[in-house]
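Reading through the structure tokens given below for one structure.
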Amino acid sequence: MATKTLTGACLCGKITYALDLPASEPNPKLVLCHCTSCKRYTGSGFSTNIMIPKSALRWTSGTPKVFLDSSADSGNALPREICGDCGSHFTSGPSGSPTIALKWGTLDDEYRQGAELWGEIYCKRKDAWLESVGKGEVRMAGMS
Ligand SMILES: [Zn+2]
Ligand SMILES: [Zn+2]
């Protein structure tokens, strides 16, 4: 099978990875998660993920620390991989599952282009303010 290799890293750059995806589907399909754990985990309104085969992800430098999240909305303890130095979030996914969620923001810039929204989960926890994203008229000077 022809593959396309995407790369990514944490904020401090100590941990990097390569991701081999089918060349026939080169654009990441985004899944937004609105669960309470993802809000705390990301410090944001939701997490932005791409669902990948666990076997497609190779760590190319450094080793992520594994945090076992026992607060997940699913009720199952959820391993989450992070950089132990800068705190960037890489993955989350049930133990034994062949599929994991890779945090889209860790992809290198060139691979974030072309992404498409595929779906959203735990929408019962979605924050109301998200309805106004993209509609705001107030901009902060110098932060375009
Ligand atoms: Zn780091
Ligand atoms: Zn979540």
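The values are calculated or read from the model by the stated rules, or taken from the named source; none is laboratory data. Keep in mind that what you see is a predicted model, and the values were worked out from it rather than measured. All Cβ positions, glycine included, derive from the backbone under ideal geometry; neighbour counts span all protein chains shown. Each accessible area value is taken on the protein alone, full model and side chains, heavy atoms only, with ligands, DNA and RNA left out. Shrake-Rupley method; radii C 1.70, N 1.55, O 1.52, S 1.80 Å.
Here are some notes:
- Rounded to the nearest 20 debye, dipole of segment 6-121 from Cβ charges on Lys, Arg, Asp, Glu: 300 debye
- Within the accessible area of the chain, the carbon and sulfur atoms contribute 54%, probe 1.4 Å, all protein chains present.
- For T3, the residues whose modelled amide H falls within less than 5 Å of its own, excluding neighbours fewer than 5 places apart on the same chain, are A23.
- Cα centroid separation, segment 51-128 to segment 6-31 (Å): 11 Å
- Convex hull volume per residue for segment 1-138, taking Cα atoms only, in Å³: 126 Å³
- Ranking by accessible area, most exposed first, for R40, R58 with a 1.4 Å probe: R40, R58
- Restricting the calculation to Cα atoms, every distinct pair contributes to the Kirkwood radius of segment 90-139, found to be 14.1 Å.
- Cα lying deepest toward the dipole's positive end in segment 8-108, options G93, S70, L32, charges on Cβ: S70
- These residues, K135, K124, K54, K65, go from largest to smallest accessible area, 1.4 Å probe, as K124, K135, K65, K54.
- Diffusion of segment 53-115 by Stokes-Einstein, at 4 °C in a medium of 1.567 mPa s and with Rh set to the Kirkwood radius over alpha-carbon pairs, works out to 101 µm²/s.
- With K and R counted +1 and D and E -1, the other residues having a Cβ less than 12 Å from that of K103 yield a net charge of +1.
- Helical contribution to [θ] at 222 nm, DSSP H n ≥ 4, -39,500 (n - 2.57), averaged over the chain, rounded to 500: -1500 deg cm²/dmol
- Computed accessible area, C123, all protein chains, 1.4 angstrom probe, square angstrom: 70 Å²
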